[in-house]
Amino acid sequence: MAASMSVANAAASGDLTLVKELLRQGGPPNERSKDGMTPLAVAAFWGYAEIVEVLLECRADINTCNNNTMWTALHCAAFQGHGKVIMKLMEYKPDLYLKDNQGRTAVDFASALDAIWPFFAAAGCKRTTKADLIRMDIVKKVSHDPANVNPSVHGIQQSDFAHFSRPGSAYVMKSQPYRGQNNYTDSNMAMASVTGDVLAGTPDLPLNNSRTTVPSFSLWQH
């Protein structure tokens, strides 16, 4: 099994032992998946801090961008709000201001969430304003009071509201198409683009690590 699987797919499965074995066998830590995702970005997206650490120790390039979206691992971790992953990445001095294909940095994504912003503030970053986050299509305004939103109806958790939300004027993170444009003929690829299920369209992804679809407005999880 290990011989036929890429490091990126092993990272997506969350199998730390398998990732270590593939790297021990000489598996390239920077080889992109068929969908253009780096192993480090995949692990960062799903919040696998231990796999992130192992990849970095094996010289995974912290600033390598995914194809299409041009997201780095730090973009992925910031968008998902994975504090432990961000801590690991920060130890390796990532470029905080690399821009994705829409001109947005990891700092911009982190600016919408109080839980992870301190990591960026400690690095001397200036927080992106609400107006700019809306312009960048990172957050979306909803007409519901945060105290009265029904998660079962709207798919939004109370903790998912952006830091500048106030009663009567709530803002939430918007889902993003991770592979850029949604021009896919393969149904799995199309679903992955819409839901953010990285590597969902890759044939050799293990089936024992299923993910539920993400909320329509927010992918920030704690």
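Annotation: average projected area of the range 18-105 is 5.1 square nanometres, based on the convex hull of Cα atoms across all directions. Take 27-33, 10-16, 127-133 and order them by the average number of nearby Cβ atoms within 10 Å per residue, most first; the result is 10-16, 27-33, 127-133. For the range 1-58, the calculated P(r), taken from all Cα-Cα distances in 10 Å bins from zero up to the bin holding the longest distance, is 29, 64, 8 percent. Packing around the peptides 113-126, 46-59, 71-84, taken as the average count of other Cβ atoms within 10 Å per residue, puts them in this order, highest first: 71-84, 46-59, 113-126. For the residue pairs Lys93/Lys141; Lys84/Lys141; Lys88/Lys141; Lys99/Lys126; Lys88/Lys140, the C-alpha atoms sit more than 26 angstrom apart in Lys93/Lys141; Lys84/Lys141; Lys88/Lys141; Lys88/Lys140.
Every number in this text was worked out from the coordinates using simple rules, so none of it is lab data. These figures come from a predicted structure and were not determined experimentally. Every residue, glycine among them, receives a Cβ derived from its backbone with ideal geometry; neighbour counts consider all protein chains shown.
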